[in-house]
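Chemist: First the structure, which I've put down as structure tokens, then a few questions once you've had a look.
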Amino acid sequence: DVVIDVASLTLGDITPVLPSATELTNLVRIQGAINLAKKNSDEGKSSLIKLPKGVIDVDASVVSTSHAFVLDGLKDVAIVGDETTILIKIAGLAYKGYMNISNCENLTIDGVEFAQEVGANVTGTVESYDLNAYKAVVKIDPAYNETVRRAIESGKSLRSYLEFHKGTKAPIQNGNFFVDGFKSVNFAQDGDHYVATITFSSIINQSPIG
């Protein structure tokens, strides 16, 4: 194997395979390592890409494609981390996929986890609901404050689903289930958390178990 140590790469190592690189960011180091491995593949050599231990912040807001990293045409390549987490950072709520993998053969990835700086969903508890008005009030878990804050800033809303037991208001599976049924969502900050008032486009389902 040709060993490519991401932490040791210099701009001089990377620019021949990534001409757009002008500074050594974590994004540039990792994509540069991938491109160096592609060069080795083209030359009939196998590659071992070694990622450093711990959390690696990657600013994907500068990437014009839909994914943070592009892996194309790799052969006999291993990407190995050491309890490594690649944390994808974005602008607003412009989410990026982690890796776009195509035309690869014998590619392995081990010891690496990916995470988004800002979650793409929020969860909470139903505080009240009104069947006649098609409304429910949801207390959102404070862990999702940043997602809600960015949603408010960017004028985004929530979609997808909500489910809860009508008697206890507790979240349940296979209960009151709505998919793309939100007509409007209004956020309000209440102390250390947000509250969402959700109006549905149709009547709240009458679940057999809630």
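Chemist: Scan segment 88-116 for residues that are at pLDDT below 90 and open to solvent by 70 Å² or more (accessible area, probe 1.4 Å) and jot them down.
Modeler: Selection gives 95 alone.
Chemist: Residues in segment 82-117 that are in contact with a strand residue (DSSP E or B) (Cβ under 8 Å, 6 or more places away or on another chain) and within 19 Å of residue 59 (Cβ to Cβ): how many? Quick ask: steps written out before the conclusion?
Modeler: Narrowing segment 82-117 to residues in contact with a strand residue (DSSP E or B) (Cβ under 8 Å, 6 or more places away or on another chain): 82-90, 95-117.
Right, trim to within 19 Å of residue 59 (Cβ to Cβ) and you get 84-90, 95-100, 112-117.
Adding up the residues that qualify gives 19.
Chemist: Out of segment 126-148, which residues are in a strand (DSSP E or B), of a type in the set (Gly, Ala, Ser) and open to solvent by 30 Å² or more (accessible area, probe 1.4 Å)? Walk me through how you get there before you give the answer.
Modeler: At the first step, the residues of segment 126-148 found to be in a strand (DSSP E or B) are 126-130, 135-140.
Pick out the ones that are also of a type in the set (Gly, Ala, Ser) and you get 128, 136.
128 - this is the single residue of segment 126-148 that is in a strand (DSSP E or B), of a type in the set (Gly, Ala, Ser) and open to solvent by 30 Å² or more (accessible area, probe 1.4 Å).
Chemist: Here's a follow-up. Going by what's in this entry, would residue 112 be described as assigned to a strand (DSSP E or B), under 30 Å from residue 153 (Cβ atoms) and of a type in the set (A, V, I, L, M, F, W, C)? So that I can check it myself, show each step before the final result.
Modeler: Numbers: assigned to a strand (DSSP E or B): yes; under 30 Å from residue 153 (Cβ atoms): no; of a type in the set (A, V, I, L, M, F, W, C): yes.
Spelling it out, it is not the case that residue 112 is assigned to a strand (DSSP E or B), under 30 Å from residue 153 (Cβ atoms) and of a type in the set (A, V, I, L, M, F, W, C).
Chemist: For segment 44-69, how many residues are at pLDDT 95 or above, in a loop (DSSP other than H, G, I, E, B) and surrounded by 12 or more Cβ atoms within 10 Å (Cβ to Cβ)?
Modeler: Qualifying residue count, segment 44-69: 5.
Chemist: Is segment 125-137 home to any residue that is touching a strand residue (DSSP E or B) at 6+ places or on another chain (Cβ under 8 Å), aliphatic (A, V, I, L, M), at pLDDT 85 or above and within 23 Å of residue 94 (Cα to Cα)?
Modeler: no
Chemist: Also, I was wondering about something else. Within segment 7-23, identify whether any single residue is without any contact (Cβ under 8 Å) to a residue 60 or more places away in the chain, within 18 Å of residue 110 (Cα to Cα) and open to solvent by 50 Å² or more (accessible area, probe 1.4 Å), and answer yes or no. Let's see the steps before the verdict.
Modeler: So the first thing to find is which residues in segment 7-23 are without any contact (Cβ under 8 Å) to a residue 60 or more places away in the chain, and the list is 7-23.
So of that shortlist, the ones also within 18 Å of residue 110 (Cα to Cα) come out as 7.
From what's left, open to solvent by 50 Å² or more (accessible area, probe 1.4 Å): 7.
There is at least one residue in segment 7-23 that is without any contact (Cβ under 8 Å) to a residue 60 or more places away in the chain, within 18 Å of residue 110 (Cα to Cα) and open to solvent by 50 Å² or more (accessible area, probe 1.4 Å).
Chemist: Shifting gears a bit: Exactly one condition in (1) within 30 Å of residue 45 (Cα to Cα); (2) open to solvent by 40 Å² or more (accessible area, probe 1.4 Å); (3) among the β-branched types (Val, Ile, Thr) is not met by residue 123; state its number.
Modeler: (1)
The values are calculated or read from the model by the stated rules, or taken from the named source; none is laboratory data. Treat the numbers as computed from the prediction; the structure is a model and nothing was measured. FYI the Cβ positions are ideal-geometry reconstructions off the backbone, even for glycines, and counts take in every protein chain you see. For accessibility, only protein heavy atoms count, side chains too; no ligands or nucleic acids. Shrake-Rupley method; radii C 1.70, N 1.55, O 1.52, S 1.80 Å.
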